[in-house]
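Colleague: Dropping the structure in here first, questions after.
The values are calculated or read from the model by the stated rules, or taken from the named source; none is laboratory data. Only a predicted model underlies this, so the values are computations on that prediction, with no experimental measurement involved. Don't worry about glycine lacking a Cβ; one is built from the backbone with ideal geometry, like all the others, and counts go over all protein chains shown.
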Amino acid sequence: MSTTTGMTFVGAAQLLAAHLADHQLPQPASLTVMTRGHRSEVTAQMRPATVADVAVQLLAWAVTLTTVTVTAWRPPHGDRVHLSIASTLTGPAGAVELDVFGGVAHDPVLFADLAPDNHQTIPLGHLRAWAASAANTTRSPVLEAPAAER
């Protein structure tokens, strides 16, 4: 992920709005734009769903980005897992850190090594496999690799 540059709140929001307008992305449950000093950050929260559904939503975002890091975080109470992708949105005015996440029920088979209050990097291939379980027998365009992996 590249270093983000300080950007006004409006600039960060406009960069997010332009990205959403340019791509058909799943409707987020919430969007947060923050700017502090030399750091700008955008967070998109997906609606809670199954692992397969959240994987499909995250992959829809991933194919619109150059590089992504996939992470699973199990909150301290331990009954949920947050799957997320982190990347950077860039535009003429600078760059903004992007975090897109969705919550799923903790599945002890899929997340056996993820203790409460721990983070774990997940291969993008895991998201693709989980998303494939949501797809019927037809291939979905969101199952393709992001530009950086092609």
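Colleague: Given the criteria out of contact with any Asp or Glu (no Cβ under 8 Å at 6 or more places or on another chain) and not small (G, A, S), does T67 qualify?
Modeller: Yes; evaluated as a whole, the condition is true for this residue.
Colleague: Shifting gears a bit: Being surrounded by 15 or more Cβ atoms within 10 Å (Cβ to Cβ), small (G, A, S) and closer than 20 Å to M34 by Cβ is true for just one of A131, A49, A95, A62. Which residue is that?
Modeller: From the options A131, A49, A95, A62, the qualifying one is A95.
Residues checked against (1) over 14 Å from the mean Cα position of the chain (by Cα); (2) under 30 Å from A17 (Cβ atoms); (3) at pLDDT below 95:
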position: R74; (1), (2), (3): yes, no, no
position: D79; (1), (2), (3): yes, no, yes
position: V100; (1), (2), (3): no, yes, no
position: L143; (1), (2), (3): yes, yes, yes
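Colleague: Of the residues that make up the stretch 34-46, is at least one basic (K, R), touching a residue at least 40 places away in the same chain (Cβ under 8 Å) and touching a Phe, Trp or Tyr at 6+ places or on another chain (Cβ under 9 Å)?
Modeller: Checked against the condition, which is being basic (K, R), touching a residue at least 40 places away in the same chain (Cβ under 8 Å) and touching a Phe, Trp or Tyr at 6+ places or on another chain (Cβ under 9 Å), the stretch 34-46 yields no hits at all.
Colleague: How about the stretch 38-56: which of its residues are among the polar types (S, T, N, Q) and at pLDDT below 95?
Modeller: Selection gives S40, T50.
Colleague: Enumerate the strands (runs of 3 or more DSSP E) found wholly within the stretch 1-98, keeping only those where 3 or more residues are farther than 20 Å from N118 by Cα and out of contact with any Leu (no Cβ under 7 Å at 6 or more places or on another chain).
Modeller: Qualifying strands (runs of 3 or more DSSP E): 30-36, 39-45.
Colleague: Can I ask one more? Taking only the stretch 103-123 into account, find how many residues are surrounded by fewer than 19 Cβ atoms within 10 Å (Cβ to Cβ), aliphatic (A, V, I, L, M) and either touching a residue at least 40 places away in the same chain (Cβ under 8 Å) or within 22 Å of R47 (Cβ to Cβ) (or both).
Modeller: Total satisfying the criteria: 3.
Colleague: Give all pairs with beta carbons closer than 9 Å in which a residue from the stretch 73-102 that is closer than 15 Å to V54 by Cβ and touching a residue at least 24 places away in the same chain (Cβ under 8 Å) meets a residue that is assigned to a loop (DSSP other than H, G, I, E, B) and small (G, A, S); count only pairs at least 6 apart in sequence or on separate chains.
Modeller: Taking only residues 6 or more apart or on different chains, the pairs are R74/A115; G102/A29; G102/A49.
Colleague: Next up: What single numbered condition from (1) more than 13 Å from the chain's Cα centre (by Cα); (2) crowded, with 17+ Cβ neighbours inside 10 Å fails to hold for M34?
Modeller: Only one criterion in (1) more than 13 Å from the chain's Cα centre (by Cα); (2) crowded, with 17+ Cβ neighbours inside 10 Å is unmet by M34, namely (2).
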